[in-house]
Amino acid sequence: MRQKGSMNKVLMTGNEAIAEGAVQAGCRFYAGYPITPQNELPAYMAGRMPEVGGIFIQAESELAAINMVFGAAAAGARAMTSSSSPGISLKQEGISYIAGAELPAVIVNVMRGGPGLGNIWPAQSDYFQATRSGGHGDYHSIVLAPASVQEAYDIMPLAFNLADKYRTPAMILGDGMLGQMMEPIVLSQKAKVKSQKYRKPWALTGCKGRKPNIIKSFYMKEGDLEKFNLILQKKYKTIQQREQRWQDLFLDDARIVLVAYGTMARIAKAVVNKLREKGKRVGLIRPITLWPFPNSIFKRLAGKGRQIKFLVIEMSYGQMLEDVKLALNCKFPVEFFGRSGGGIPTEGEIIKKLR
Amino acid sequence: MNLKKIYSRPQSLRNVATHYCPGCGHGTVHRIIAEVVDELGIRERVIGIAPVGCAVIAYDYWDFDCSEAAHGRALAVATAIKRVRPENIVFTYQGDGDLAAIGTNETIHTANRGENLTAIFINNAIYGMTGGQMAPTTLLGQKTATTPKGRDAKLQGWPLKISEMLTQLPGVKYIERTSLHSPQEIIKSKKAIKQAFVNQIEESGFSLVEILSPCPTYWGVSAKDALGWIKDVMTKEFPLGRIK
């Protein structure tokens, strides 16, 4: 529900902000299947899509929903689906097909506790699935992790632009806390990234005036798939070089650097501010792109010769931790604190871990 | 002598060699779809969805826009394409495993939404591409790679009549079951396919044509005997004609 305030400021849940951000980014096709804690998102789209001449479909399953997104993307629309962890597991085959057919699409995962049915509390335990090609085959999705309701709104044009630019799936990796939390946000004017229009000469429109277009991920002839996979790998390398994004705080003199993303990064930021007031030299790195992982900021820090202790904090039992270790190439000590399954690391627990 | 050309390759069919087995029905149905597309003058706005199964590379034969779909999801892909581009004519081409086993959910719900689509359903009572396993439409007693003693209702249930099931749904406009076992039946199949496309052009709802099609390779019979088996055995379980 949108509650209008003064100017263009509105109070929204993260789920609704993602939906409205997608609409502003030109998303005109949404298909999804209900699952908590992301239900506000499809409900918002059900009302909003018809207002902007878009299409909303409540699909019969997660499988149908992601394959509808495949079809809408093949037809040239900006298309999106959303779900939460168990539902995202169901979508993995479709995401692999989208990557293999080089289609642009946005997938939102409002993460909850797992494994299995787990529970509906916030978690960050799908990091591996999101960043390591959760489906079959050698592919990657671009993964973006907003940390506030405002950022969840602002980041949507970027997600659609990157998906279109590289013809690849882009995932918004949030969690139940971000999805359910209400915050005042400023709409559209302050959106940091503008929607861009990309030509889609490959789209299925009917073959009038041109040769037929074929959307496929199937390469049976000997050698063809390997050739195609090398093209994909080249694309992923370009994305890794150009699209790393992060936010950092107090890295100039930090002796301890906290690393956290999404909801967890907000708690980490509060810890950093608290300890700074006490004169402790603590900093923060908040990856915004989880794939490509922002290796460059870690490499830059490692090159400075200063001894730094890193503490990775996650609502999981250590998934992004592996990327931080890889980025640092074992040059610095990396510690970890995480909880998952309903518990969220508190400021107190993190400060205790730092002692 | 004044020669008149009365039969040639449709514009919508590419001039390429077939990968199908001798006596297979897919090539025939590919061709009559291409003929219908040409006759209705819709080649430049038709979009075909190929299945996973023997017809996975149907887009290598048709000369118009096509998409692949994951196994069983052709109607989900088609739903979205048609909703995004209602001016295009969108059809799926699916086998019995694709449409009536792994994709049953999509089949029922696409039909139930009354999507303005055309589904061409090839029923050959077997999984061809994977080596002749039991299909949902395999007949009782029929031997396959996974029913070596013949399909037993106690163990594997009965042949699934998905076309009859779909008649219950208000969103379904038209269902007809045809066969490829004789030239007359092929002509009827083409007529039914044409009707299913015309229905979409007239925006009247979901249409499905089920076509009984020979698979001599995995039925373990000659091409000629395969046609006889359709006529004498298969049509008893799957009666031909208008179903809705």
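Structure above, values below:
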item	result
Rounded FRET efficiency, nearest 0.05, which uses the C-beta distance separating A:Q196 from A:Q241 and R0 of 35 Å	0.95
Summed residue charge, Cβ within 15 Å of B:L240's Cβ, Lys/Arg positive, Asp/Glu negative	+3
Helical contribution to [θ] at 222 nm, DSSP H n ≥ 4, -39,500 (n - 2.57), averaged over chain B, rounded to 500	-8500 deg cm²/dmol
Inter-probe distance in nm under a simple model that places probes 7 Å from Cα toward Cβ, at A:I351 and A:H136	5.1 nm
Quarter of the Cα convex hull surface for the protein assembly as shown, i.e. its orientation-mean projected area (nm²)	32.0 nm²
Most mobile listed residue (A:D224, A:D323, A:D126) in chain A, GNM with C-alpha springs under 10 Å	A:D224
Highest-MSF residue in chain A out of A:F29, A:F250, A:F293 [GNM, Cα springs under 10 Å]	A:F250
C-alpha long axis of helix A:14-24 to longest principal axis of chain A, angle in °	50 degrees
Which listed pairs, of A:K278/A:K299; A:K269/A:K352; A:K299/A:K352; A:K200/A:K235, have C-alpha distances above 19 Å, in listed order	A:K278/A:K299; A:K299/A:K352
Rounded to whole Hz, the Karplus (6.51, -1.76, 1.60) HN-Hα couplings of the range A:209-221, x for glycine and proline	x, 8, 6, x, 9, 10, 9, 7, 10, 10, 9, 7, 5
Unit charges on C-beta of K, R, D, E only; dipole of chain A, Debye	1340 debye
Amide hydrogen neighbours beyond the local backbone of B:L208, cut-off 5 Å, H modeled	B:A119, B:Y174, B:I175, B:E176
Crossing angle, helix A:40-51 versus chain A [Cα axis fit, 0-90 degrees, rounded to tens]	40 degrees
Shielding score for A:311-322, defined as the mean number of other chain Cβ atoms within 10 Å	0
Cut-off under 5 Å, modelled amide H: who pairs with B:V90 long-range	B:I47, B:T118
Label point distance in nm, B:T18-A:M220, each placed 7 Å from Cα along Cα→Cβ	1.4 nm
Candidates A:G32, A:G303, A:G341, ranked by Gaussian network fluctuation over chain A, Cα under 10 Å, top entry	A:G303
Whole-Hz couplings from phi, Karplus 6.51/-1.76/1.60, listed for the range B:143-149; x for Gly and Pro	7, 9, 4, 10, 10, x, 9
Per-residue [θ]222 nm for chain A (sum of -39500 (n - 2.57) over DSSP H runs n ≥ 4, rounded to 500)	-11500 deg cm²/dmol
Backbone HN-Hα couplings from phi across the range B:231-244 [Karplus 6.51/-1.76/1.60, Hz, Gly and Pro as x]	4, 8, 10, 5, 5, 5, 7, 10, x, 7, x, 5, 9, 8
Spin-label proximity, B:L3 to the range B:25-49 - amide N less than 19 Å from point 7 Å beyond Cα toward beta carbon	none
Nonlocal amide H pairs with A:V259, under 5 Å, H built at 1.01 Å	A:I285, A:L311, A:V312, A:I313
Shielding by partners, peptide A:199-209 (average Cβ within 10 angstrom, other chains)	5
Ranked list, fewest to most other Cβ atoms within 10 Å of each Cβ, for B:C24, B:C215	B:C24, B:C215
Residue pairs, from the table A:K280/A:K353; A:K197/A:K227; A:K9/A:K274; B:K154/B:K188; A:K325/A:K353; A:K221/B:K161, whose Cα atoms sit over 26 Å apart	A:K197/A:K227; A:K9/A:K274; B:K154/B:K188; A:K221/B:K161
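Every read-out reported here was derived from the displayed coordinates using simple, explicitly stated rules and does not represent laboratory data. Being a predicted model, the structure only gives us computed values, none of them experimental. Don't worry about glycine lacking a Cβ; one is built from the backbone with ideal geometry, like all the others, and counts go over all protein chains shown.
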